[in-house]
Structures are given as C-alpha cells and as structure tokens.
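Contents: one structure, followed by commentary.
The values are calculated or read from the model by the stated rules, or taken from the named source; none is laboratory data. Because the structure is a prediction, the values reported are computed rather than measured. Cβ coordinates were reconstructed from backbone atoms using ideal geometry, including for glycine residues, and neighbour counts include every protein chain displayed.
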Amino acid sequence: MSFKTKDRHGNTVVLTSIAWEHIRTGHPEMENLHRQVRETIESPYGYRKSTTHGNRYVWESRQPVSTSEIKVVRVVVSYKSPNITQGGTSGSVTTAYIDDDAYNSKVGPLTRVTP
C-alpha cells in the first residue's frame with residue numbers, strides 16, 4: 001500500500017510499499033492504520049524535528065486506533081531539504097508508530113501547527 005500526498009506545508013510526501021512493509025513488520029500495532037498515517041501527514045496537530053537526522057521530521061496527530069481507543073500516531077518523514085516550512089521540497093515516510101516513550105530521545109520539542 002503506497003500513497004502520495006502533501007504535508008501541512010505543501011511538500012510532497014510519499015509512502016512506498018517498501019516503507020509500509022517496514023512499518024507493518026517493525027511496528028505491528030500499525031497494521032490496520034494506513035489511513036491514519038496519511039491523515040497524520042495531511043492534518044497533524046504538530047511536528048518534531050529529529051535529533052538524530054537533520055532532514056527528518058516527525059508528524060503527530062491523535063488518531064483512532066480501535067473502536068474505543070485514540071492514541072498519538074507519529075509518522076517520520078525524511079525530506080530532501082531540512083527547511084520544510086517554506087514548501088517546495090519532497091520527502092518519503094521512513095516509519096510510523098504509536099507514540100512510545102522509548103523514542104522520545106530521538107525527537108525535539110513539539111511545534112504546533114495552526115489549522
């Protein structure tokens with residue numbers, strides 16, 4: 001399952017079938033959350049800059065993960081340019097996961113986006 005969409009700043013973002021396979025196998029809790037990955041890129045409440053990769057950003061949104069549960073979904077996108085706020089660059093999804101304290105040291109502070 002792959003897709004091509006635009007992030008909050010108008011940058012093109014793709015999810016390849018190879019990346020989706022990585023997400024499904026490395027983060028099995030994401031198995032049925034393909035739509036939520038796309039929605040997190042398109043309509044996040046915020047993003048964080050990666051502390052380990054200069055051109056990676058982590059988009060966040062609260063998404064339904066089951067009929068009775070809402071959690072924070074994080075989608076990591078690797079961009080061609082580290083300056084994403086001006087638009088005009090492109091990126092690809094490297095992974096996605098349900099928010100987990102184990103990954104918090106790899107991301108910076110949250111930058112809120114306005115609707």
- Query: Gly10 is checked against (1) at pLDDT below 95; (2) part of a loop (DSSP other than H, G, I, E, B); (3) over 13 Å from the mean Cα position of the chain (by Cα) and fails just one. What number does that condition carry?
  - Reply: (1)
- Message: So if I check each of Tyr79, Tyr47, which one is of a type outside the set (S, T, N, Q) and within 11 Å of the chain's Cα centre (by Cα)?
- Response: Tyr47
- Message: Step by step: first the residues of region 23-57, then only those that are touching a helix residue (DSSP H, G or I) at 6+ places or on another chain (Cβ under 8 Å) and among the hydrophobic types (A, V, I, L, M, F, W, C), then the one that is surrounded by the fewest Cβ atoms within 10 Å (Cβ to Cβ). Which residue is that?
- Response: Met30
- Within region 49-64, of all residues that are of a type outside the set (S, T, N, Q), in contact with a strand residue (DSSP E or B) (Cβ under 7 Å, 6 or more places away or on another chain) and over 15 Å from Val93 (Cβ atoms), the one modelled with the highest pLDDT is Lys49
- Item | Conditions (1) assigned to a helix (DSSP H, G or I); (2) among the hydrophobic types (A, V, I, L, M, F, W, C); (3) surrounded by fewer than 17 Cβ atoms within 10 Å (Cβ to Cβ); number of the one not met by Trp20 | (3)
- Query: In region 65-115, what residues are β-branched (Val, Ile, Thr), under 13 Å from Lys49 (Cβ atoms) and at pLDDT 90 or above?
  - Reply: Val76, Val77, Ile84, Thr85
- Task: Starting from region 4-18, take each residue that is over 12 Å from Thr85 (Cα atoms) and list its partners that are in a loop (DSSP other than H, G, I, E, B), counting only C-beta distances under 6 angstrom and pairs at least six apart or across chains.
- Result: Val13/Asp7; Leu15/Ser2; Thr16/Ser2; Ser17/Ser2
